[in-house]
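Report on one structure; see the data block that follows.
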Amino acid sequence: MTTHTNISDSHTAATIGVFDGLHLGHRHLVNTLTEHAHVRNLKPIVITFKQHPASVISGKNAPGKLISDNEKRQILHSWGVETVIFLDFDAQIAGLSSHQFIEYIRNNYGVKFLLVGFNNKFGSDRKSNISDYSLSGKMLGVEVIEASRFPIANVSSSIIRSLLLSGEVDKAAQLLGNFYTLHGTVVEGYHNGSKLGFPTANMCLSEQEMLLPANGVYAVQASVNGGSWMPAVCNIGYRPSVSPDGTVSTEVHILDYSGNIYNDPLSIRFVKKLRSESQFNSIQLLQQQLVRDCNNARIILNDNLNKYESN
């Protein structure tokens, strides 16, 4: 078992989960946690995992990530969480029963209060319910309660993944409470966009495990080097009209922007899908469509200019 930072000298209130995407349901849970922590004069912490538990339990590939670890930590801190613990979900952690896991987080992280998400189950037994968790907690000196159900029933990371894989990035944003965001670096491409009059930044993701939305053309907002968000168009796909080499690329054309941004950090926020990826019979037809894409993106992005800015 990996050795973890010991904060047992602090009395803490904790909740546990993957917290992938940090959607509205997660925010409800964390808000509840911080309220209980304040009343009990405890330090609010979140215990999450470096690996998706499903990949360890089932041996299958983990589902695509909806948020980077660094961004997860930053957002949880902004929500009032003082410490975010990233556990190695190894075989030994996976083998702990719910009782043993509560004992483990009590001993290692000073947990005195544990908030369990609605219908969330943990521990190798996984047959436990809130009554079982509460009984174990009483034996171990940990108060355990279940969080209330979030008013919007159909909010989950799996639903958000499904929406993104269908290209419904706007519906995914409604459940996330924010635009779905990818981070990466601009790398050398084929320069086909420049030849067409629409220079694009070829994006290499910072974390390859991040989920890519469905192939297609999207209205997005782009930020270079952490600067302000600018209107842009993003194409995810195989570039069938210009470079059909069988690889999926993420290319971003920033509207009304010029400059060399090779090797610069690039972030994009997905606002709405414009169309599916298509193959055009001529370069002229492709250029005409790109003009339409840019015009449509301007309209959509203008309508969504301040959406989610307060979140």
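The values are calculated or read from the model by the stated rules, or taken from the named source; none is laboratory data. Predicted model, so just to flag it, every value in this text is computed and none were measured. All Cβ positions, even for glycine, are placed from backbone atoms using ideal geometry, and neighbour counts span all protein chains on display. To get the accessible areas, we keep the full protein, side chains included, count just its heavy atoms, and leave off ligands, DNA and RNA. Shrake-Rupley method; radii C 1.70, N 1.55, O 1.52, S 1.80 Å.
Counting only DSSP beta bridges whose two residues both lie in the chain, roughly 65 percent are antiparallel. Each label was represented as a point 7 Å from its Cα along the Cα-to-Cβ direction; for Cys204 and Leu305 these points are 3.6 nm apart.
Helix 24-40 and the long axis of the chain differ in direction by around 40°, with both axes built from C-alpha atoms.
Exposure check, 1.4 Å probe, all protein chains in place: Arg126 carries approximately 120 Å² of accessible surface. The residues of the chain expose, per residue, 48 Å² of accessible area to a 1.4 Å probe. Does anyone have the angle between helix 98-109 and the longest principal axis of the chain? Alpha-carbon axes, 0 to 90°, nearest 10? In the chain, helix 98-109 runs at an angle near 80 degrees to the longest axis. In this structure the amide hydrogen of Glu146, modeled in the peptide plane, comes within under 5 Å of the amide hydrogens of Val116, none closer than 5 places in sequence on its chain.
Between Asn61 and Asn225, how high is the FRET efficiency from 1/(1 + (r/R0)^6) when r is the Cβ-Cβ distance and R₀ = 25 Å? Nearest 0.05. E(calc), rounded to 0.05, equals 0.15. Simple spin-label estimate for Tyr262 and Ile145 gives 5.9 nm between the two label positions (7 Å along the Cα-to-Cβ direction from each Cα).
Roughly how many debye, to the nearest 20, is the charge dipole of the chain about its Cα centre, given +1 on each Lys and Arg Cβ, -1 on each Asp and Glu Cβ, and no other charges?
Numbers: 26 positive and 26 negative charges, 118 e Å.
I would put it at about 560 debye.
The fraction of accessible area contributed by carbon and sulfur in the chain is 48 percent, rounded to a whole number (1.4 Å probe; ligands and nucleic acids excluded). Near the amide H of Gly21, within less than 5 Å, lie the amide hydrogens of Leu66, Ile67, all on another chain or at least 5 residues away, with H placed in the peptide plane.
Relative to the present Cα-Cα distance, how much length would full extension add between Lys121 and Gln287 at 0.36 nm per residue of separation?
Details: separation 166, 0.36 × 166 = 59.76 nm, distance 5.23 nm.
Full extension of this stretch gives 54.5 nm more.
In the chain, the longest principal axis of the Cα atoms and the axis of helix 69-78 are about 70 degrees apart.
When you work out D = kT/(6 pi eta Rh) for the range 1-153 at 37 °C and 0.692 mPa s, using the Kirkwood radius from C-alpha pairs as Rh and the Stokes-Einstein form, the result is 210 µm²/s. Given in Å, the Rg to one decimal and the Dmax to the nearest whole number for the Cα atoms of the chain are 22.3, 73. Relative contact order of the chain: 16 percent, from C-alpha pairs under 8 Å at least 6 residues apart in sequence.
Here the simple spin-label model places points 7 Å from the Cα toward Cβ, and for Ala94 and Thr247 these points are separated by 3.2 nm.
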